[in-house]
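Report on the following structure.
The values are calculated or read from the model by the stated rules, or taken from the named source; none is laboratory data. All values derive from a computational prediction rather than experimental measurement. Here the Cβ positions follow ideal geometry from the backbone for every residue, glycine too, while neighbour counts run over all protein chains shown.
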């Protein structure tokens, strides 16, 4: 998800920094206690880069079967000099509850991405300003996204993650502690951030944690914090 100039793309190819990884998280959030797998890929090319991830939750009420499948795929297009890229993105998925499956609203996004990196290419920051169309809910919306990937101690420690803020009409039925609200609340804005902290034990194996910090997300009113313990295999 890190976009910079053509020089950055060339360096990525020549130093093998293209990233594909599989993450396994155990979620300690309130009323969660289940496993999530994340398959993630970032690949640059001479026209920009492609990023996608697929999340699968394993907490079906009929056993530890997949109960949620969610994906995001994004393309940054750039054939000019400078820090700005054109950005297009799709989000969507499927959720199971009480053996009934519900679609997660398709969302299409488009806008601009600003990328920055330090001279050593150990630290990357991105900021995106996006138009967002949420099928069946909000035909006209927006999303602001920040992404970071910071390496320290000769790349033994990696701090990465994202923060999203967007406009979406939601009805929320519980609070951050899992208590059912006496009266459901209506909200218009959603915030979610997932900072990750990784100790890179080897070139391929990383151990760490993710902390999901969300507000008015997933029918939950206000803030909810869900930490995980995780292992990551870098291909």
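Checking the condition at pLDDT below 90, in a strand (DSSP E or B) and over 24 Å from residue 197 (Cα atoms), which residue from 96, 61 passes? Spell out the reasoning first.
Numbers: 61 fails: in a strand (DSSP E or B).
Testing whether each residue is at pLDDT below 90, in a strand (DSSP E or B) and over 24 Å from residue 197 (Cα atoms) leaves just 96.
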**Report entry** Residues (surrounded by fewer than 21 Cβ atoms within 10 Å (Cβ to Cβ) and over 13 Å from residue 192 (Cβ atoms)) located in region 209-221
**Finding:** 209, 219
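Matching residues to (1) crowded, with 16+ Cβ neighbours inside 10 Å; (2) within 19 Å of residue 160 (Cα to Cα); (3) at pLDDT below 95:
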{"residue": "33", "(1), (2), (3)": "no, no, yes"}
{"residue": "38", "(1), (2), (3)": "yes, yes, no"}
{"residue": "43", "(1), (2), (3)": "no, yes, yes"}
{"residue": "47", "(1), (2), (3)": "no, no, yes"}
{"residue": "51", "(1), (2), (3)": "yes, yes, no"}
{"residue": "55", "(1), (2), (3)": "yes, yes, no"}
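Among the candidates 180, 190, 159, 147, which residue alone is surrounded by fewer than 13 Cβ atoms within 10 Å (Cβ to Cβ) and closer than 26 Å to residue 27 by Cα?
Details: 190 fails: surrounded by fewer than 13 Cβ atoms within 10 Å (Cβ to Cβ); 159 fails: surrounded by fewer than 13 Cβ atoms within 10 Å (Cβ to Cβ); 147 fails: surrounded by fewer than 13 Cβ atoms within 10 Å (Cβ to Cβ).
Matching residue, one of 180, 190, 159, 147: 180.
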Query raised in the report: Going by the structure shown, is residue 109 over 23 Å from residue 217 (Cα atoms) and within 15 Å of the chain's Cα centre (by Cα)?
Result: no
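Hey, any hits in region 156-173 for a residue that's on the phi > 0 side of the Ramachandran plot and in contact (Cβ under 8 Å) with a residue 60 or more places away in the chain?
The first filter runs over region 156-173 and keeps only residues on the phi > 0 side of the Ramachandran plot, leaving 161.
Those left that are additionally in contact (Cβ under 8 Å) with a residue 60 or more places away in the chain: none.
Among the residues of region 156-173, not one is on the phi > 0 side of the Ramachandran plot and in contact (Cβ under 8 Å) with a residue 60 or more places away in the chain, which makes the answer no.
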Query - Where a residue in region 28-54 is at positive phi and its partner, wherever it lies, is surrounded by fewer than 17 Cβ atoms within 10 Å (Cβ to Cβ) and assigned to a loop (DSSP other than H, G, I, E, B), with Cβ under 6 Å and at least six apart - result: 31/178
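Filter region 194-208 for residues that are surrounded by fewer than 16 Cβ atoms within 10 Å (Cβ to Cβ) and either closer than 26 Å to residue 103 by Cα or touching a residue at least 40 places away in the same chain (Cβ under 8 Å) (or both) and give the result. Walk me through it before giving the result.
Here is the first cut: in region 194-208, the ones surrounded by fewer than 16 Cβ atoms within 10 Å (Cβ to Cβ) are 195, 199, 201-205, 207.
199, the sole residue that qualifies.
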Report task. Would you check if residue 64 is exposed (fewer than 14 other Cβ atoms within 10 Å of the Cβ) and in contact (Cβ under 8 Å) with a residue 24 or more places away in the chain? Result -> yes
Query raised in the report: Just one of the numbered conditions (1) surrounded by 15 or more Cβ atoms within 10 Å (Cβ to Cβ); (2) not in a strand (DSSP E or B) is not true of residue 154; which one?
Result: (1)
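Hey, could you check region 67-82 for residues that are modelled with pLDDT under 95 and surrounded by 15 or more Cβ atoms within 10 Å (Cβ to Cβ) and say which is farthest from residue 209 (Cα to Cα)? Show your work before the answer.
Applying the first criterion (modelled with pLDDT under 95) to region 67-82 yields 67-68, 78-82.
Going one step further and asking which of them are surrounded by 15 or more Cβ atoms within 10 Å (Cβ to Cβ), we end up with 67-68, 78.
On the way: 67: 22, 68: 21, 78: 33 Å.
The residue in question is 78.
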Report task. Considering only region 106-124, state which residues are modelled with pLDDT under 95 and part of a strand (DSSP E or B). Result -> 115, 116, 117, 123, 124
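Only residues that are more than 18 Å from the chain's Cα centre (by Cα), free of Cβ contacts under 8 Å to residues at least 60 places away in the same chain and either farther than 18 Å from residue 32 by Cβ or part of a strand (DSSP E or B) (or both): list them for region 217-235, please.
220, 221
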